[in-house]
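Chemist: Please see the structure below; I have some questions.
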Amino acid sequence: MSGAAESVPVTVIQGGHQRRWVDWREFWEYRDLLYFLVWRDIKARYAQSVLGIGWAVIQPVFTMVVFTVVFGNLAEISSDGVPYSIFSLAALVPWTYFSTALTSSSTSLTTASGMITKVYFPRLVIPLTPVLGKLVDFCIGIVIVSCFMLWYGITPTPWVILLPFLVIVMMITAAGMGMWVTALAVQYRDVQYAMSFLIQLLMYAAPVVYPASLIPAQYRAIYAINPMAGVIEGFRSVLLSTNPVPWDLIIIGALSAVTIVTSGLLFFQRMEKNFADVA
């Protein structure tokens with residue numbers, strides 16, 4: 001009897017160490033959920049609206065018209081030798097993607113509270129959904145910019161091959177800041193109310209309505225900490241030939257973006273255990 005008792009396997013459940021990094025293998029197993037949520041986000045945005053996908057055209061074009069009248073004609077802000085309309089549009093397309101992805105990410109966990117409190121899945125799926133879903137609007141915006149470039153007879157530079165890298169920097173910046181903001185918004189609901197002010201502040205901290213050439217040389221390194229500065233000025237450089245490729249802004253901005261997304265992942269993982277309790 002004692003020999004039989006000793007042969008029975010015993011399972012001991014112990015509290016494990018808190019995860020300090022993302023389990024990417026588990027995240028990959030839930031890729032179908034991410035695909036479904038991205039598709040739902042796209043469908044919900046266009047399927048039940050009157051203009052549908054036309055909103056992705058109206059928003060940047062109408063904003064471009066307002067900026068051209070106010071900042072181009074009235075304020076007479078420099079556009080680095082190209083028409084202010086295409087100058088502002090080339091900046092508005094990446095900026096609109098960033099701002100809408102960040103805004104949607106900031107409320108993603110609270111709006112998905114029903115899922116979070118009922119089923120288990122990698123919570124990281126939630127803030128990444130708008131980051132991927134807004135790429136549809138971004139691609140439409142790139143088509144609009146291409147049409148305006150044809151209208152003005154502007155050809156992209158050979159450095160247009162840099163565009164995918166700039167898009168990646170743009171995406172990881174939106175993802176990193178989105179993880180920071182949405183994790184904070186679950187704990188502190190007033191973060192959501194501050195988003196409009198934060199987005200507006202970030203817009204004027206990036207060369208959306210003005211060229212980065214106006215920034216004094218001694219401040220460019222500090223200015224480049226905002227990754228969107230390098231992204232936007234890089235877009236203008238490779239597409240419109242406004243200035244040489246701003247390597248200083250791009251390199252510093254890329255390093256800043258990596259820091260933002262890495263710290264965002266760590267902070268998101270740290271706060272994740274409380275999401276179901278406070279969502």
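The values are calculated or read from the model by the stated rules, or taken from the named source; none is laboratory data. Please read all numbers here as calculations on a predicted model, not as lab measurements. Positions of Cβ are generated from backbone atoms using ideal geometry, with glycine treated the same way; all protein chains shown enter the neighbour counts. Keep in mind that these areas ignore ligands, DNA and RNA; they rest on the heavy atoms of the full protein, side chains included. Shrake-Rupley method; radii C 1.70, N 1.55, O 1.52, S 1.80 Å.
Chemist: Would you point out the residue of the stretch 264-278, among those that are open to solvent by 40 Å² or more (accessible area, probe 1.4 Å) and either modelled with pLDDT under 80 or among the aromatic types (F, W, Y) (or both), that is nearest to V191 (Cα to Cα)?
Modeler: Applying the first criterion (open to solvent by 40 Å² or more (accessible area, probe 1.4 Å)) to the stretch 264-278 yields 266, 270, 273-274, 276-278.
When the remaining residues are screened for being either modelled with pLDDT under 80 or among the aromatic types (F, W, Y) (or both), the result is 273-274, 276-278.
Numbers: K273: 19, N274: 17, A276: 18, D277: 18, V278: 14 Å.
Going through the qualifying residues, I end up with V278.
Chemist: Between L201, L214, L265, which is without any contact (Cβ under 8 Å) to a residue 40 or more places away in the chain and more than 25 Å from V143 (Cα to Cα)? Spell out how you get there, then give the answer.
Modeler: Numbers: L214 fails: without any contact (Cβ under 8 Å) to a residue 40 or more places away in the chain; L265 fails: without any contact (Cβ under 8 Å) to a residue 40 or more places away in the chain.
Selected residue: L201, the only one of L201, L214, L265 that is without any contact (Cβ under 8 Å) to a residue 40 or more places away in the chain and more than 25 Å from V143 (Cα to Cα).
Chemist: Quick one: count up the residues across the stretch 135-150 that are under 14 Å from the mean Cα position of the chain (by Cα) and open to solvent by 80 Å² or more (accessible area, probe 1.4 Å).
Modeler: 0
Chemist: Among the residues of the stretch 115-134, how many are part of a helix (DSSP H, G or I) and either in contact with an Asp or Glu (Cβ under 7 Å, 6 or more places away or on another chain) or open to solvent by less than 30 Å² (accessible area, probe 1.4 Å) (or both)? Reasoning before the result, please.
Modeler: Taking the stretch 115-134 and keeping what is part of a helix (DSSP H, G or I), we get 115-118, 125-133.
Now narrow it down to the ones that are either in contact with an Asp or Glu (Cβ under 7 Å, 6 or more places away or on another chain) or open to solvent by less than 30 Å² (accessible area, probe 1.4 Å) (or both): 116, 125-127, 129-131, 133.
Residues meeting the conditions: 8.
Chemist: Any residue at all in the stretch 63-84 that is open to solvent by 100 Å² or more (accessible area, probe 1.4 Å), assigned to a loop (DSSP other than H, G, I, E, B) and modelled with pLDDT of 85 or more?
Modeler: Yes, because at least one residue in the stretch 63-84 is open to solvent by 100 Å² or more (accessible area, probe 1.4 Å), assigned to a loop (DSSP other than H, G, I, E, B) and modelled with pLDDT of 85 or more.
Chemist: Further question on the same structure: Does the stretch 151-164 hold any residues that are surrounded by 12 or more Cβ atoms within 10 Å (Cβ to Cβ) and under 11 Å from V245 (Cβ atoms), and which are they?
Modeler: T157, W159, V160, L162
Chemist: If you don't mind, there's one more thing I want to ask. Inspect all residues belonging to the stretch 218-236 and state whether any of them is open to solvent by less than 40 Å² (accessible area, probe 1.4 Å), charged (D, E, K, R), touching a residue at least 60 places away in the same chain (Cβ under 8 Å) and outside any loop (DSSP other than H, G, I, E, B).
Modeler: First, pick out the residues of the stretch 218-236 that are open to solvent by less than 40 Å² (accessible area, probe 1.4 Å): 223-224, 226-236.
Still in the running and charged (D, E, K, R): 233, 236.
Those still in the list that are touching a residue at least 60 places away in the same chain (Cβ under 8 Å) too: 236.
Narrowing the set further to residues that are outside any loop (DSSP other than H, G, I, E, B) leaves 236.
Within the stretch 218-236, one or more residues are open to solvent by less than 40 Å² (accessible area, probe 1.4 Å), charged (D, E, K, R), touching a residue at least 60 places away in the same chain (Cβ under 8 Å) and outside any loop (DSSP other than H, G, I, E, B).
Chemist: Also: Answer yes or no: is there a residue in the stretch 101-114 that is in contact with a helix residue (DSSP H, G or I) (Cβ under 8 Å, 6 or more places away or on another chain), open to solvent by 10 Å² or more (accessible area, probe 1.4 Å) and under 15 Å from M170 (Cα atoms).
Modeler: yes
One line per residue, one yes/no per condition, for (1) at pLDDT 95 or above; (2) part of a helix (DSSP H, G or I); (3) out of contact with any Asp or Glu (no Cβ under 6 Å at 6 or more places or on another chain); (4) hydrophobic (A, V, I, L, M, F, W, C):
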{"site": "V136", "(1), (2), (3), (4)": "no, yes, yes, yes"}
{"site": "G141", "(1), (2), (3), (4)": "no, yes, yes, no"}
{"site": "P156", "(1), (2), (3), (4)": "no, no, yes, no"}
{"site": "W159", "(1), (2), (3), (4)": "no, yes, yes, yes"}
{"site": "A183", "(1), (2), (3), (4)": "no, yes, yes, yes"}
{"site": "L202", "(1), (2), (3), (4)": "no, yes, yes, yes"}
{"site": "P207", "(1), (2), (3), (4)": "no, no, no, no"}
